[in-house]
Every structure is written in structure tokens, then in C-alpha cells.
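The values are calculated or read from the model by the stated rules, or taken from the named source; none is laboratory data. These figures come from a predicted structure and were not determined experimentally. Methodologically, a virtual Cβ is constructed for each residue, glycine included, from the backbone with ideal geometry; neighbour enumeration extends over all protein chains shown.
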Amino acid sequence: MQVYTKILIGMAVGAVIGLTLGPNSSLLEHDRYSYKDARRAELYLDRADPGSRLTLPGKAPLDLAVQEVVRGEVPDATGAQVEVVQWVRVDFPITEKLALLDEDGAFRERVGKRSGERVTAWLKLQQIPLDGGGIQTAPQPISALGDDIIAVLAPIGDLFMRLIKMVIVPLVFASLLVGVASLGDVRKLGRMGGKTLGLYLCTTAVAVTIGLACAHIIQPGDFIDQADRAALVAQFAGDAGSKASAAAEAPSTIENILSIIPLNPMESLSSGNMLQIIFFAVILGIALTMLGQGEGQPVVRFFDRIQQAMIIVIHIVMAIAPYGVAALVAEVVGTSGFSVLKALLVYGLAVLAGLSLHAGLVYGGLVVFKARLKWLDFMRAIRPAQLIAFSTSSSSAALPVSMECAEQNLGVSNATSSFVLPLGSTVNMDGTALYQGVAAIFIAQVFQMDLTIADQLSIVLAATMASVGAAGVPGAGMVTLAMVLTASGIPQVGLALILGMDRLLDMFRTAVNVTGDLAVTSVMAVSEGESIRVLSDAEDQADPERGFEHRLDKDEHPVEPD
Ligand code: ASP
């Protein structure tokens, strides 16, 4: 069975586990309230005494087990009495973390218990009257069993993510250095760099424009009613604030450009700062070719072997990919609430329509007309990278696999793939930019704002720039979206509307980001005079030196030091 088939099966299994056994599964009893920050839970030791409010000592996660539910009638916006859950009697353990945070002992004194013991308290639910009638309570309970199942699976996903990320820095550094040294021509490199960046920026600007167009045609903002809006804002407002403040701390564009030059290359390598690593590897590669008379050769050979060894490591990691992917997908599917999905369905569909259009038209055009490959063959060749991007929501994590796909399945040279792809995984995020275009218009529609052409141009510009600055990690696009909203005067509280859907859409936009990187890589390879073609499944099976199959079947040879 091909690697990508196994990964696909892993994803399907993960989705089924997430849906049926996850914290939001409708098959399980919802008996837990879960807070990322304990201080946000409104707890009272005695529900009749407002003075008994319990403030938790610090920012620690808090899981509250439901013991008893108290309902009551409250008037909604139309004056009608509605029965809702007002209070929930809950209990929770005093974890070590909570105890440690309680430096002055005030919390322990109030509850009179020690670490490991359980505290019983009353949780007051928020009541949000909806304009059209009815009351929404917040937060919503989840299934304790489902939450625990996902928590047990999570380390498997983490293990896979860590293994694959472990490869990134040595692989990118070594292969870029070897690639640049083997080019041996600084002008060629400069030309390639200019063309690559130009193509990346153009495709991104087109992506945002497609996003804006989709949002205008589909008008997802019209499908969200007051009830959904109020519920989403109540549920996610706190998290949206933290995204906005993360965006506010981001450096300016000039600082961003300057920071590409590392002060200490070792620090860049150890912190995994991709643009700095690229810069240093390119400079060192050029310098090695300038040493003359093949003097740089031993160093280049050394890094060439490191690169080869890293490729073997990727193949080892890909062998466990189906399990890692299953755990990652189960987590995302299990924790994305259905209520959110229903409310934001049209918005999500608008994003997906935009992403498909962009991939089909722009990448399809580039691949067929510029790289002279068949579209479906190309998509088959890059499928392992797309699946890893989709399940990890991280272009960086997918980078090692993208490089393997480009070199092994498409026949792109190491010099091109090791330069164009690491650059793309950081600066080219078409899917993210497109999604930001749709999100900005959607939020503006919900808040009934009219955006001028100038506002929309500023969205295109800001989203294109933001995608250059965003890191290839899950959720990065949401942080930079805060900047895009500010640039066009759209209220940042709108982030709370779309946050619940973000993680799922992140999977799709990351797959598109990676597809874009690989489409541009193919175009660059052809424009540099390389002849590329897609490796067929049969060739992959037959030749252990190429493709993804049987790469680990090689014999091991002990290494004898000279
Ligand atoms: N997760 C995306 C990536 O790694 C970035 C984002 O859109 O959040 O490419």
C-alpha cells in the first residue's frame, strides 16, 4: 500500500474517533466544563452568597465535573420567560499547579483543602439574551470521557509532530548549503531568488483577491443570525483578545526585513528561525564555492551526507505517519463543536470554494502551462506533502516531506527544491491570505460595514504582507488576521466570530499553502532548464532509490571512521 493511502486511512480513522469519541460527541454525556484559564470560571462556594465568589489563584487549566444542574426561568429580549440552566454544582481537584500558583495561600485558606483533594463549588453560567428571542448559555459542557480519550491520544500526535520537526533545521540547512554550492553561480542564485519571490507574491495577491470575490458573491455574513453571533462572541471573546494582543506585539515590516540577517547563526539554528537559516546557508554556500580549487569540497560533502541521512530519517518518520495523523485529526475533529460548524457553515464553504478555485485556476494554470505537467499527475506526486500539511496544519512540519516529493516524485533538482521550498514554507501562504480575505469581508458583513475599494485594496496589501511574516505553524494566520483587520478598520472583536472554525479551516489552507509552494517549485525548476516529470506509482514501487516506497529496505552498513 502506498504511503499516502496509509495516511489517508489514518485520517479517516482519526475523524471517526474524533466525531464519535471526542469531547463534543453527541453520543456521549456532556458532563464537564473545561476552561483553559481557571480565572475565567465564575465559581461560588455558596450560590446564595455573592460574597463567597471563589477566585482561582492563576492561569491554569480547569476541568469541572458536573454534579447537579439548577434550572430557572429568565426573561428573554422579547419579555417571554425561558427556562435555562443557571447554576451547576461542580467539583474539581486541587492540582499541584493550582496549589503552586497559590503563593500567599489565600485560595487554600478559603477552600480549606490541600493538593489532591476535591473542591465543590457552584458554577454560574452566563445568560446571553438573543435579539430574536431565546437565551444562550455559556460556556457549553463537553464530555469528560471524550476529553480524556483525546488527551490520551494527543501524545501520539505530538510524538509525530516532534519527530518531523526535528528534521527541519538540519535538512534545510544542509540541503540549501549543498544546493547553493552546487549551483556555483551567484548571479543564477540572485535571478532565482528574484523570480521565486516575485511568483510567490503574485500568487498570494491573486489569492486574496479570489478570497474577496468569493466573500462578495457568497455573502456568508448574511447567513449568520443574531443568536449565532452573540453565542460565538460570548464563547471566544477572551481567546480573540489574546490573538489581537499577539498581533500588536509583532514587529514592523522594516524590522522584519532586517531580522532576516542573523546576529548569531548558531542561535538561528537552535531557535529554528527559518529565514535566518536560509540567509546564512546561502551565504555560507556561496562563500564555500569562492574558496576556490575545490577547497570547500569536504565541507559540502559533509553536509551532503547529513542531508542524505536526514532523508532516511524522514522515511522512518513517515512509517509512523498514519498513527500520528490519526491522533492529530481526532483531536481537531473532536474538539470542534458542531454548533460552531453549523453557524459558520456558509463562511467555511466560502473559504473552501475560494481555496479550490485558487488551486484549480492559479496552480492548475502554472503547473499545466508553465511546468508542462498533467494536473492530476502533479497532485498525485505531491499528495504525501498535502496530507501531512492538512493533518499537522503546519507548512513547516510539511517541509521535509515537500522536499522529498519535489525531488523524488517530480524530479526537481536538489538545488532548486532546497532553495525554493524552505523560502516558500515561510513567505508563501496563499491559502492563509485567501482565508484572510474571506474572513475580513465576512466580519465586515456581520457588523454591517461598507468597505470602500480603498479598504479592500488595503486588505489585499496587508494580507499579502502578513502572509510573508506569518510562521508556518498552526493558527499563525489567525494572529496576522488581526493585523489585516486593523489595516482596514474592521473591529478585531470579529475574530471571536470565526475562531471556533479556525482550526478546521487551517488544515485546508495549509494544504493549499504547500500546494502553492510545490507548484512554484515546479515552475522554477522548468524555468531553470530542468526537465521534470512525475514518477509513476509503479516506478516508485520498483525502484527503492526513488519515491517513497521501500526507501527503508536498504541494508545497513556500519560506518568505519577513517
Ligand atoms: N497553518 C498555516 C501554515 O502553516 C498558517 C496559517 O494559516 O495559520 O501554513
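Overview of results
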read-out: Matching option when the condition is touching a residue at least 24 places away in the same chain (Cβ under 8 Å) and on the phi > 0 side of the Ramachandran plot, among GLY411, GLY424, GLY437, GLY431; value: GLY411
read-out: In the stretch 102-122, the residues that are touching an Asp or Glu at 6+ places or on another chain (Cβ under 7 Å) and at pLDDT 85 or above; value: ARG118, VAL119, THR120
read-out: Residue, modelled with the highest pLDDT, within the stretch 412-428, restricted to residues that are more than 23 Å from the chain's Cα centre (by Cα) and among the aliphatic types (A, V, I, L, M); value: VAL412
read-out: Filtered residue count, the stretch 365-399, keeping only those that are within 16 Å of the ligand (Cβ to nearest atom) and either part of a helix (DSSP H, G or I) or of a type in the set (Gly, Ala, Ser) (or both); value: 15
read-out: Qualifying residue in the stretch 127-139 (condition: in a strand (DSSP E or B), polar (S, T, N, Q) and in contact with a Lys or Arg (Cβ under 8 Å, 6 or more places away or on another chain)); value: no
read-out: Elements of type helices (runs of 4 or more DSSP H) contained in the stretch 242-336, each with 3 or more residues being modelled with pLDDT under 90 and of a type outside the set (Ser, Thr, Tyr); value: 253-258, 274-290, 297-335
read-out: Residue that is in contact (Cβ under 8 Å) with a residue 60 or more places away in the chain, in contact with a Pro (Cβ under 7 Å, 6 or more places away or on another chain) and under 21 Å from VAL169 (Cβ atoms), where the choices are SER393, SER402; value: SER393
read-out: Extreme residue, nearest to THR432 (Cα to Cα), among residues of the stretch 450-507 that are away from the ligand (no atom under 11 Å from the Cβ) and hydroxyl-bearing (Ser, Thr, Tyr); value: THR464
read-out: Any hit, the stretch 331-339, residues being within 21 Å of VAL313 (Cβ to Cβ) and among the charged types (D, E, K, R); value: no
read-out: Every residue from the stretch 443-461 that is over 19 Å from ASP506 (Cβ atoms) and either in contact with a Phe, Trp or Tyr (Cβ under 9 Å, 6 or more places away or on another chain) or in a helix (DSSP H, G or I) (or both); value: ALA444, GLN445, VAL446, ILE453, ALA454, ASP455, GLN456, LEU457, SER458, ILE459, VAL460, LEU461
read-out: Hits in the stretch 405-442 (condition: more than 10 Å from the ligand (Cβ to nearest atom), outside any helix (DSSP H, G or I) and either out of contact with any Asp or Glu (no Cβ under 7 Å at 6 or more places or on another chain) or closer than 22 Å to ILE164 by Cβ (or both)); value: LEU410, GLY411, VAL412
read-out: Answer residue from the stretch 511-534, given it is in contact (Cβ under 8 Å) with a residue 24 or more places away in the chain and outside any helix (DSSP H, G or I) and is surrounded by the fewest Cβ atoms within 10 Å (Cβ to Cβ) among those; value: SER531
read-out: Given (1) over 27 Å from ALA327 (Cα atoms); (2) in contact with a helix residue (DSSP H, G or I) (Cβ under 6 Å, 6 or more places away or on another chain); (3) in a helix (DSSP H, G or I), number of the condition SER402 does not satisfy; value: (1)
